[in-house]
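Input: a single structure, listed below in structure tokens.
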Amino acid sequence: MGDWKAITVPVLSSDSKIIFPYTSERKRSPTSMNSQVLRLSLPSPKNMHSFFGAFCTEENLEQSISYIDRELTTMGFPSIYAESKGKELNLVSIINCMNELLVLQHKNLRAQEEVEIQHLKLGSDMDHLQNCYAKLKEQLELSKREIVGLQERDRQLQSKNRNLHQLLKNEKDEVQKLQNIISSRATQYNHDMKRKEREYNKLKERLHQLVMNKKDKKLAMEVLNYVGRADGKRGAWRTDKTEARNEEEMYKVLLSDYEQRQKQLLLENAELKKVLQQMKKDIISLLPPQKQKPKERSEDGLVLSDQEEDIGELNKENMWELSCETVREQLTNSIRKQWRMLKNHVEKLDNQVSRGHSGAWNEKDVISREDHELETEKLELEIQQCKEMIKTQQQLLQQQLTCDDDTTLLLQDCYLLEERERLQEEWRLFREQKKNFEKERKSFTEAAIRLGLERKAFEEDRGAWLKHQFLSMTADCKSENVTTSAFLRSNLTDDVSLLGSDPDIRLVKSASRQRKPPSVLSPAISPEPCQISQYMAQN
Amino acid sequence: ASCIQHRLVIRDASSLQILQLYTCLDQIQYIEWSSDSLFILCAMYKRGIVQVWSLEQPDWHCKIDEGSAGLVASCWSPDGRHILNTTEFHLRITVWSLCTKSVSYIKYPKACQQGMAFTKDGRYMAVAERRDCKDFISIFVCNNWQLLRHFDTETQDLFGIEWAPNGCVLAAWDTCLEYKVLLYSLDGRLLSSYCAYEWPLGVKSIAWSPSSQFLAIGSFDEKVRILNHVTWKKITELDHPATISSKKTIVYKEAEKSPTVDTERLTFPPTRALASSLFSTQSKYEISQVPVSLQYIKPVADRANPKVGVGMLAFSADNCFLATKNDNIPNAVWIWDIRKLKLSVVLEQLCTIQGFQWDPCQPRLAVCTGTSRVYLWSPAGCVVVQVPGEGDFQITSISWHSSGDSMLLLSKDHFCVCYLEREEV
């Protein structure tokens, strides 16, 4: 777009006929402007000829030269007249002036070109800006419309929200109302029911009275004979004692039930405590002994020592089965501590594993996967072995307890044989011993017979000797009697004591009678009783 | 023992041979053996008479006449020598003694589903009472019927009471309008009270575990909550959804298969055996792949006592399993493993479950659905047993023998005994 006004060169008053064919104040496109400009710069040669002819003719040569001179001097060029000489033209200055004019013309043309280029540029910029402006205006319009739409929607939603809130409130109010209605109706029903019940009770009372009145005639129980009580006891009178006893029994029943329950709970408690202790130990064993890091060591060391102390304490206390608050709290607190530590440890391990996967592998703290797997395999093997052992043991036990018939019979037979053999052995021994005893008895009897015979012989001998002695003694002097009688008496007493145990009393009596045995036979006799006594002592 | 009209027939349990036959005065409504199995009582509610017969001496007889008081319920005491009669309108409970011919009265008993409970060892009896619109519980010593404890409960309307098998704790629960389970110790102290939620319908069924360790509460919200005996707090909630998606649950589905008929061997007219076998369908169990969706019945909204919630609960004798039935899903029995507190098996039947009962010795469950088949489940597997016979035998209830070797199958007007063989080891 470009408005441009054509610069009309002032026209000489004399040549008013010539009007430059330039238009003014018209909006032109740059291209048309260009053509106009070109037209401006290069007027048609026809026009030029006529134009040149029009300005200077032969008549007004002087006037035109003076006019040109005036113009040039006003423009700053040197005069074309030669050195204030009138009417002689300085050709050199004229040529110079002409050259100057041409140069000027060129410069002007160039400037004009530049200006036109800039003009074009500005025009295109402006076009561009106008386009942008138009687009932005459109966008603005659009966004304005959008905003309006959104605002509209927002408003609608808000109103809906408000409606819903309102509805909710209404519903809540209704619910509340209904609940109130229900409760009021319920109370009403209760009241009515109570009223009806009272009436009913009154009827029942009346009926009861009537029934009780008629009791004597009709109510009866016919039994053929009395039946004994189920437990065989007699019925008891109802007294206060029985009441007290009933109470007692009831309380006993309740107490026994409570005791039973308490026992069960105690058992449960003990089991749970054991489990907790076990868990604690396991957790402690799971936690790694953190001896590498001295900082943590101090903490853990303290904690570990605490744990050990705790374990020691609690073990001791559990042995005495205290269940006071502090022990319980201690146990639970320590377990919680351990559990937290274990959790931290597991988290650390997790982190390390993840780090290990990505690259950095801290072998100290992490149990490598292979080791872990090895361990699990080992454990599985162990489990398998233990299971097999248990199975075999079970089988053996089974065999022991319930063998099938053949083996039991065999076993029984074996046992019987064993027993029988043992018995036979014993019998044999017994028989042997019996034989021995028989032999010994025989020998004893023989010895006794022999002894009896010997005794008889001895008695006979003694009797004979005594007789002889007596006979001889009466013939001899009496002085020897004392010693011999004393000796004999001692012998006799020996004999008496020896033969005292003998059931043969006759011999003893006969021995006691003989008081004066001869001294000659005494040495012979004395060894005999000694022998006999020895023999007796042996037997 | 079985009764037909007004006759009482006693048979031997192993051979079903008729041992005795007694005739009563009126149609018998209820019979019960005494605890030492020496006597049977036959209650005739219409006439208000209870007759007692002896097994050892057929000549012995006893008749108890309530007269105009009427009779609503009758039962033995645990020592087998007293009979407790509940008169009409629950006016009173009369305790008749067979030993001394004496009578005692318990006043104001409560007219509820389980108003009387005896401890397992038979020492104590708890009775629910209601005076002046308040609920009370009285504990009596069964030896001499002396009142031991009398205390009030915090319930609106006591619905039932049950002793724990160890005889030391009594569970009392409220009506279904309010979820409240109260636990009392033997001496009347309140040990704990449990309330799971406030407004919807509450407790439907309750069962103690045989070791008294757990109390299972089945409620109308299709869940079973188990409380433990140490803290009386809930340890778990067992849910009964209609879709089972856990991989660890085994679902046995009953599938019917009609027998193939050999056309060549058809005779005309058809023999009886053939006809019955034609029309009786065999069924067996198949294992369904998880996830399984069970048949779900939506309850009718505006009726009282809707068929929703866990209506049947039973622990096995070894304390390892709990069998439940959700009334929304009436064809399925849910068996939970108590040691792991997880659902282990679901048995899906073709018809509505009428009842189930555990074997008193082993973890074996017998289920009946109103068809002529008995379904047995044990951890080893499950089996369908067809009751042989002609015609329909619709089993409505099952009762195990105390040794676990046989069970009674009852239908409306017949009964049969099923003997279970023990495997020779």
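Each value in this text was obtained by applying a stated rule to the coordinates, not by laboratory testing. Quick caveat, the model's predicted, so the values are computed rather than measured. Positions of Cβ are backbone-derived with ideal geometry, glycine not excepted, and every protein chain shown enters the neighbour counts.
So which of B:247/B:342; A:387/B:247; A:273/B:342 end up more than 22 Å apart, counting from Cα to Cα? Could you put the intermediate results ahead of the total?
Values: B:247/B:342 12 Å; A:387/B:247 33 Å; A:273/B:342 28 Å.
Checking Cα-Cα distances, A:387/B:247; A:273/B:342 exceed 22 Å.
Report the net charge of residues surrounding residue B:41, where surrounding means a beta-carbon distance below 12 angstrom and charges are Lys +1, Arg +1, Asp -1, Glu -1. Don't jump to the answer; show the numbers that get you there.
Numbers: positive: B:63, B:81; negative: B:32.
Result for the neighbourhood of residue B:41: +1.
Please compute, for peptide A:188-198, the average count of beta-carbon atoms on other protein chains lying within 10 Å of each residue's beta-carbon. Working shown, then result.
Values: counts 0, 1, 4, 0, 0, 3, 3, 1, 1, 4, 2.
The per-residue average across the peptide is 2.
Please report the antiparallel percentage of DSSP beta bridges with both residues in chain B, rounded to the nearest 5.
Values: 131 of 136 bridges.
Counting only bridges with both partners in chain B, antiparallel ones make up about 95 percent.
Once Rh for segment B:110-239 is found with the Kirkwood sum over Cα pairs, what is the Stokes-Einstein diffusion coefficient at 20 °C and 1.002 mPa s, in µm²/s?
Numbers: Rh = 14.7 Å.
Using the Kirkwood radius from Cα pairs, D works out to 146 µm²/s.
Just grab the label-to-label distance for residue A:195 and residue B:419, each label 7 Å out from Cα along the Cβ direction, in nm (one decimal).
Taking the two extended label points, one gets 6.5 nm.
Can you give the helix-only mean residue ellipticity at 222 nm for chain B, where every DSSP H stretch with n ≥ 4 adds -39500 (n - 2.57) and the sum goes over all residues, rounded to the nearest 500 deg cm²/dmol?
Numbers: 1 runs with 8 residues, N = 425.
That comes out to -500 deg cm²/dmol.
Starting from the Cα of residue A:167, step 7 Å along the direction of its Cβ; do the same at residue A:345; then give the gap between the two resulting points in nm.
6.0
From the phi of every residue in segment A:344-354, what ³J(HN,Hα) in whole Hz does the Karplus formula 6.51 cos²θ - 1.76 cosθ + 1.60 yield, where θ is phi - 60° and glycine or proline is x?
Rounded to whole hertz, the list is 4, 4, 5, 5, 4, 4, 4, 4, 5, 4, 5.
Compute the relative contact order of segment B:1-107 as a whole-number percentage, counting only Cα pairs closer than 8 Å that sit 6 or more residues apart in sequence. It would help to have the intermediate numbers written out before the result.
Details: 232 pairs, mean separation 16.1, N = 107.
About 15 percent, as a whole number.
Got the relative contact order for chain B handy, in percent, Cα pairs under 8 Å and 6 or more residues apart? Numbers along the way, then the final one.
Details: 998 pairs, mean separation 25.8, N = 425.
Averaging sequence separation for qualifying contacts and normalising by length gives 6 percent for chain B.
Give the average, rounded to an integer, of partner chain Cβ atoms located within 10 angstrom of each Cβ in B:60-71. Don't skip to the answer; put the middle values down first.
Working: counts 4, 4, 6, 5, 5, 5, 6, 8, 10, 9, 2, 0.
Shielding by partners across B:60-71 averages 5.
Taking the highest mean first, how do the peptides A:378-385, B:128-135 order by number of other beta carbon atoms within 10 angstrom per residue? Could you put the intermediate results ahead of the total?
Details: A:378-385: 10.0, B:128-135: 17.4.
Descending packing order for the listed peptides: B:128-135, A:378-385.
Within segment B:365-425, which trypsin sites (Lys or Arg not before Pro) sit in a loop by DSSP and count at most 16 neighbouring Cβ atoms inside 10 Å?
Values: sites: B:373, B:412, B:422; in loops: B:412, B:422.
Passing sites in segment B:365-425 are B:412, B:422.
Please report the equivalent ellipsoid semi-axes of segment B:1-107, computed as sqrt(5 x eigenvalue) of the Cα gyration tensor, largest first, in whole Å. Numbers along the way, then the final one.
Details: eigenvalues 112, 47, 24 Å².
Gyration-tensor ellipsoid for segment B:1-107: 24, 15, 11 Å.
Tell me, in nm to one decimal, what length is gained between residue A:335 and residue A:180 on full extension, where the rule is 0.36 nm per residue of separation less the Cα-Cα distance? It would help to have the intermediate numbers written out before the result.
Values: separation 155, 0.36 × 155 = 55.80 nm, distance 5.22 nm.
Full extension of this stretch gives 50.6 nm more.
Which whole-Hz couplings ³J(HN,Hα) result when phi for each residue of segment B:173-178 is put into the Karplus expression 6.51 cos²θ - 1.76 cosθ + 1.60, θ = phi - 60°, listed in order with x for Gly and Pro?
10, 8, 5, 6, 6, 9
With r defined as the distance between the Cβ atoms of residue A:212 and residue A:252 and R0 fixed at 25 Å, what FRET efficiency is calculated, to the nearest 0.05?
FRET efficiency, residue A:212 to residue A:252: 0.05.
Normalised by the empirical 2.2 N^0.38 Å for globular proteins, what value does the Cα Rg of segment B:19-73 take? Mind dumping the intermediate values first?
On the way: Rg = 11.1 Å, N = 55, 2.2 N^0.38 = 10.1 Å.
Working it through for segment B:19-73, the quotient is 1.10.
What is the spin-label model distance, in nm, from residue A:390 to residue A:74 if the labels are put 7 Å beyond Cα along the C-beta direction?
13.4
Exactly which trypsin sites (Lys or Arg not before Pro) in segment B:16-87 are in a DSSP loop and have at most 11 other Cβ atoms within 10 Å? If you can, show how the numbers build up before the last one.
Numbers: sites: B:46, B:47, B:63, B:81; in loops: B:46, B:47, B:81.
Taking segment B:16-87 and a limit of 11 other Cβ atoms within 10 Å, the loop trypsin sites (Lys or Arg not before Pro) found are B:46.
Averaged across B:143-154, how many Cβ atoms of other chains sit within 10 Å of each residue's Cβ atom?
Average neighbour count from other chains, rounded to a whole number: 3.
Restricting everything to alpha-carbon atoms, can you work out Rg to Rh for segment B:321-407 with a Kirkwood hydrodynamic radius?
Details: Rg = 12.9 Å, Rh = 13.4 Å.
Reported Rg/Rh (Cα atoms, Kirkwood Rh): 0.96.
Which whole-number percent is the relative contact order of segment B:295-424 (Cα, under 8 Å, 6+ apart)?
Working: 285 pairs, mean separation 18.8, N = 130.
Relative contact order of segment B:295-424: 14 percent.
Calculate, in nm to one decimal, what residue B:144 and residue B:20 gain on full extension: separation in residues at 0.36 nm each, minus their alpha carbon distance. Intermediate results must be reported in sequence, preceding the final value.
On the way: separation 124, 0.36 × 124 = 44.64 nm, distance 3.26 nm.
In short, 41.4 nm is gained.
Starting from the Cα-Cα distance between residue A:144 and residue A:446, subtract it from 0.36 nm times their residue separation and give me the gain in nm to one decimal.
Details: separation 302, 0.36 × 302 = 108.72 nm, distance 15.74 nm.
Full extension from residue A:144 to residue A:446 adds 93.0 nm.
Separation of segment A:69-139 and segment B:27-92 by C-alpha centroid, Å?
Here the answer is 146 Å between Cα centres.
Can you list which of the GluC sites (Glu not before Pro) found in segment B:317-425 are DSSP loop residues with at most 12 other C-beta atoms within 10 Å? Write out the running numbers ahead of the final one.
Numbers: sites: B:348, B:390, B:421, B:423, B:424; in loops: B:390, B:421, B:423, B:424.
In loop regions of segment B:317-425 (DSSP not H, G, I, E or B), the sparsely surrounded GluC sites (Glu not before Pro) are B:390, B:421, B:423, B:424.
Quick one: Karplus J couplings for segment A:187-200, per residue in order, coefficients 6.51, -1.76, 1.60, θ = phi - 60°, nearest Hz, x for Gly and Pro?
4, 4, 4, 4, 4, 4, 4, 4, 4, 4, 4, 4, 4, 4
Do the alpha carbons of any pairs in B:110/B:180; A:204/B:101; A:274/A:337; A:274/B:233; B:46/B:412; A:263/B:204 sit beyond 24 Å of each other, and which pairs? Don't skip to the end; give the middle numbers.
Numbers: B:110/B:180 18 Å; A:204/B:101 26 Å; A:274/A:337 18 Å; A:274/B:233 27 Å; B:46/B:412 20 Å; A:263/B:204 35 Å.
Result: A:204/B:101; A:274/B:233; A:263/B:204 exceed 24 Å.
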